[in-house]
Amino acid sequence: MPEITIDMAPAAAMDEVSMVREILRLKEEMNAVILAHYYQDSIIQDIADIRGDSYELSRRAREVDADVIVFAGVHFMAETAKILNPGKTVLLPDLNAGCSLAESAPAHLFRRFRAMHPDHLAVTYINCTAEVKALSDIICTSSSAEAILEKIPAEIPILFSPDKNLGAYVRGKTGRQMLLWQGVCTVHEQFSEELIRELRAQHPEAEVIAHPECEGAVLRQADFIGSTSALLQYVVDRPATRFIVATEAGIMHQMQKRAPEKEFIAAPPNNGCACNVCDYMKVNTLEKLYLCMRDRTPEIVVPEDMRLRALRPIERMLEMAQGDEEAARRVLAEIPLPWKDAAIGMDL
Ligand code: SF4
């Protein structure tokens, strides 16, 4: 590595190439691993050590043995990494990288929701705060939700939070009794069924693929519905050469890399834009990634008592998603039902 003389230069004075060089140098110096979600800018995905959706990144974050995890994603993802791997310093380029789903479910309202339905098991999408994870029984992701719900005995009623579209989708797939929190992903909610139908008429050979956070009307247009990773694998495996993609546009960078001979058309949202991007994810920039590594801040901090209460529901997800029926039985046996009144008064 050539000697770098720009350590203390203001980031604005650096070009992109210099910034990338500095990020790579800092990564070595601080013994860091960069994790990037598929919805990050292409350049951030390209310099990351590990790319993935929420499920893959959670799984991989637990295994990191470097000293520092630099998490290019949104806040709840970096927080999950800290919960799973507390001995590591976890940095997030911008603490304002939030998520409409996490914001839709504040802990005090979620606690009340649980208290109103004490006999229900709370299966909660990973897109939520550490407080809400701590108040949940089992966390899930869009990759793992269906597999987890199918391992829960049919007579146990379920509270599914916070994404009502994902909840309705898995309720339809599994036929489970589920009460849904009414949160939405403001990105996936915006896809227009009508514009997708028009696009499909222009490209009748194209397959429509969609993320289950989309509304039901959009999902009914889809030839395939799956998590971000499942959509990526699908376009690689299928013989089709053209796809209309109804999820955050960042994933198309990986699709194009993995299947360069194929064409990917962004499904249009109903706001007049040609594609749909998550403004929360895009709060992170290459410059902020560099600055957070240079200054080792902002750092994710989770109080230890909260971390421990949030940890078990996440571990249950990993155990239930990866394990067999026996593993699921063991996990369910340790969850008290009806939900204990004492837990309602937890000091969060
Ligand atoms: S795409 Fe939707 S679910 Fe994902 S971070 Fe953005 S707002 Fe949250």
Of those in segment 82-102 that are within 15 Å of the chain's Cα centre (by Cα) and assigned to a loop (DSSP other than H, G, I, E, B), the residue farthest from the ligand (Cβ to nearest atom) is Leu92
If you go through Gln202, Gln177, the only one that is at pLDDT below 95 and surrounded by fewer than 19 Cβ atoms within 10 Å (Cβ to Cβ) is Gln177
If we ask which residues in segment 161-214 are basic (Lys, Arg) and under 18 Å from the mean Cα position of the chain (by Cα), their number turns out to be 1
Exactly one of Ala78, Ala32, Ala107, Ala97 is at pLDDT 95 or above, in contact with a Leu (Cβ under 8 Å, 6 or more places away or on another chain) and crowded, with 24+ Cβ neighbours inside 10 Å, and that residue is Ala78
With criteria (1) away from the ligand (no atom under 14 Å from the Cβ); (2) out of contact with any helix residue (DSSP H, G or I) (no Cβ under 6 Å at 6 or more places or on another chain), Val302 comes up short on (2)
- Report whether or not Ser54 is on the phi < 0 side of the Ramachandran plot, polar (S, T, N, Q), modelled with pLDDT under 95 and out of contact with any Gly (no Cβ under 7 Å at 6 or more places or on another chain). yes
Subset of segment 112-134, residues among the hydrophobic types (A, V, I, L, M, F, W, C) and out of contact with any Cys (no Cβ under 9 Å at 6 or more places or on another chain), comes to Phe113, Ala115, Met116, Leu121, Ala122, Ala130, Val132, Ala134
Apart from one, (1) out of contact with any Phe, Trp or Tyr (no Cβ under 9 Å at 6 or more places or on another chain); (2) within 14 Å of the ligand (Cβ to nearest atom); (3) more than 18 Å from His211 (Cα to Cα); (4) of a type outside the set (Ser, Thr, Tyr) all hold for Lys282; the odd one out is (1)
Of Cys185, Cys128, the only residue that is of a type outside the set (Lys, Arg), closer than 16 Å to Ala267 by Cβ and in contact with a helix residue (DSSP H, G or I) (Cβ under 9 Å, 6 or more places away or on another chain) is Cys185
For segment 136-155, pairs from a residue that is under 16 Å from Gly226 (Cβ atoms) to a residue that is part of a loop (DSSP other than H, G, I, E, B) and among the polar types (S, T, N, Q), with Cβ under 7 Å and 6 or more apart or across chains, are Thr141/Ser227; Ser142/Ser227; Ser143/Ser227
Note on segment 278-300: residues part of a loop (DSSP other than H, G, I, E, B) and over 19 Å from the mean Cα position of the chain (by Cα) are Arg296, Thr297, Pro298
Phe160 fails exactly one of (1) assigned to a loop (DSSP other than H, G, I, E, B); (2) touching a Gly at 6+ places or on another chain (Cβ under 8 Å), namely (1)
- [ ] Would you check if Thr80 is within 20 Å of Tyr280 (Cα to Cα), out of contact with any Phe, Trp or Tyr (no Cβ under 7 Å at 6 or more places or on another chain) and among the β-branched types (Val, Ile, Thr)?
- [x] yes
Only one of Gln45, Gln40 is in contact with a Phe, Trp or Tyr (Cβ under 8 Å, 6 or more places away or on another chain), modelled with pLDDT of 95 or more and either over 28 Å from Ile138 (Cβ atoms) or within 16 Å of the ligand (Cβ to nearest atom) (or both), namely Gln45
- Is segment 189-197 home to any residue that is surrounded by fewer than 23 Cβ atoms within 10 Å (Cβ to Cβ) and within 21 Å of Leu311 (Cβ to Cβ)? no
Pairs returned, first residue in segment 109-127 that is in contact (Cβ under 8 Å) with a residue 12 or more places away in the chain, second residue that is of a type in the set (Lys, Arg), beta-carbon separation under 7 angstrom, 6 or more apart or interchain, are Ala122/Arg114; Thr124/Lys133
Looking across segment 110-134 at residues that are in a strand (DSSP E or B) and within 16 Å of the ligand (Cβ to nearest atom), the single one that is surrounded by the most Cβ atoms within 10 Å (Cβ to Cβ) is Tyr125
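The values are calculated or read from the model by the stated rules, or taken from the named source; none is laboratory data. On a predicted model such as this, the values are computed, not experimentally measured, just so you know. Glycine also receives a Cβ, built like all others from the backbone with ideal geometry; neighbour counts cover every protein chain displayed.
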